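Structure first, commentary second.
Values in this text are rule-based calculations from the coordinates and carry no lab data. Every value quoted in this text rests on a predicted model; they were computed, and no experiment measured them. Don't worry about glycine lacking a Cβ; one is built from the backbone with ideal geometry, like all the others, and counts go over all protein chains shown.
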Amino acid sequence: MKCTRCREKAVVQLRHHHSNFCRECFLLFFERQVERGIHKERMFTEEEPILVAVSGGKDSLALWDVLVRLGYRTTGLHLALGIGEYSADSTRKTEEFARARDLPLVVIRLEDEGAAVPELAAVTRRPACAACGTAKRHHFDRIAIERGFPVLATGHNLDDEAARLLGNVLHWQTRHLAKQSPVLQPTHARFVRKVKPLFRVTEYESAIYAFLRGIDYVVEECPNSVGATQLVYKEVLNRLEDASPGTKLTFLQEFLRSGRPAFAEPEGERNSGTCSRCGMPAYGETCSYCALLASAERRRARDAGDDDTEEREAAFGGRQRE
Amino acid sequence: MQITFLPQRRQVEIPGRRRVRDLLKDLGLLSGTVMVIRNDELMTEEDVVGGDDAIEIRSVISGG
């Protein structure tokens, strides 16, 4: 199989682009795809400092790598989620990536901020992913605002966006459909612009890029992702893609071009106040994240109180029987 | 050939030689969902693997 561009031996085949590439030509292709998406969607300029959310996985590290190579000013933001060995490995690989390239990296440990994901998840009746998402969104915006970044970039790829779109369509989540976009403009003074520069590239292409660049990323999946609905959607879309290459890209791109306008909501004011604990936007007294932390604190206090009660009974129980 | 599946860290031995395309089909895997790696090199669907090869089949799908 020969490279479509230079006729050397190809190492990757991209059916949805009717192309095969050698290593060098694929890397160039990938960078151009990302750059085209950034310019077409006006995500950011070369003058703006970009905060890049990096988990240690292939997509976020590939994103950070390509943004640096394209000449953008970046700082990484890593949240240490406290999910056992998986999180420890993620943090280690992110720190190694940044150190090897002499890139600035901010690391926030959730347990230092009040509670790690397992504890936050324990106080909700929902899957851990809900608590994890709330914590991530809170700290992404908070750090971006506090450190003066106008834009936050995440490593969401075409497969992520197509799976999210499929879920939104299957459940006719019209509000979400109105807002699904590779660029989210802030709706509050303490929110920043959020962009997804990898939205045009598949997970496969992102993995190939990371591999060919020699990026040591976390291969293991988050233990909380087992059985996740998004994985089912991805499987369905990959079967469609296998039967008809280009399905995922068409699904997303045509939605952005023709489908989303049909769901657009009139601009109206949703009155949001300020969280009394942290100052971030909130629709009640506290924001969702601070409400989670408060629940975790109450549970800790209750558990500590139960321990005291058991100790007292153990100390006095014998005397009472006397 | 010995095949290691990641992230599952499962290993199997498969006899004979065949094209990667046929290997993936036999394993029930779609080509756009995994990287096939031999000696740190990417294999395409047209490449032939087998014999004493140590192959890594690495999933590219992330859960979230």
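How many angstrom lie between the C-alpha centres of the stretch B:1-38 and the stretch A:25-45?
Between the Cα centres of the stretch B:1-38 and the stretch A:25-45 lies a distance of 32 Å.
Highest GNM mean-square fluctuation, chain A, Cα pairs closer than 10 Å: which of A:60, A:276, A:206?
A:276
So the label point goes 7 Å from the Cα of residue A:303 along Cα→C-beta, right? Which residues of the stretch A:80-119 then have their backbone N under 20 Å from it?
A:80-88, A:109-119
Binning at 10 angstrom from zero up to the longest distance, how are the C-alpha pair distances of the stretch A:1-140 distributed in percent?
Once binned at 10 Å, the Cα pair distances of the stretch A:1-140 give 10, 31, 28, 22, 8, 1.
How high is the FRET efficiency between residue A:73 and residue A:181 when r is their beta carbon distance and R₀ equals 25 Å, given to the nearest 0.05?
0.60
Please compute the contact order of chain A in relative form: average sequence separation of alpha-carbon pairs under 8 Å and at least six residues apart, divided by the residue count, as a percent.
Computed value for chain A: 19 percent relative contact order.
Would you please give the FRET efficiency between residue B:30 and residue A:216, computed as 1/(1 + (r/R0)^6) with r the Cβ-Cβ distance and R0 = 30 Å, to the nearest 0.05?
Working: r = 26 Å, r/R0 = 0.86.
With a Förster radius of 30 Å, E is 0.70.
Measuring from centroid to centroid over Cα atoms, what is the spacing of the stretch A:207-263 and the stretch A:46-93 in Å?
19
Distances longer than 41 Å among the Cα atoms of the protein assembly as shown: what percent of all pairs is that?
In whole percent, the share of Cα-Cα pairs in the protein assembly as shown beyond 41 Å is 20.
Straight-line reach from residue A:179: which lysines fall under 23 Å, measuring Cα to Cα and dropping same-chain residues less than 8 apart?
Hits, sequence-local ones excluded: A:40, A:136, A:194, A:196, A:234, A:248.
Give the relative contact order (percent, whole number) for chain B; include only Cα pairs under 8 Å separated by 6+ residues.
It rounds to 44 percent for chain B.
State the extension gain, in nm to one decimal, for the chain segment bounded by residue A:253 and residue A:235, taking 0.36 nm per residue of separation less the distance between their alpha-carbons.
Full extension of this stretch gives 4.5 nm more.
Suppose each label sits 7 Å from its Cα in the direction of the beta carbon; what would the residue A:274-residue A:31 distance come out to in nanometres?
Modelled inter-label distance: 4.5 nm.
For residue A:40 and residue A:9, calculate 0.36 nm times their separation in residues minus their Cα-Cα distance, and state this gained length in nm to one decimal.
8.0 nm
Any idea what angle helix A:84-101 forms with the longest principal axis of chain A, computed on alpha-carbon atoms, 0 to 90 degrees, nearest 10?
50
Out of all DSSP beta bridges with both ends in the protein assembly as shown, state the antiparallel percent to the nearest 5.
If we restrict to bridges inside the protein assembly as shown, about 50 percent are antiparallel.
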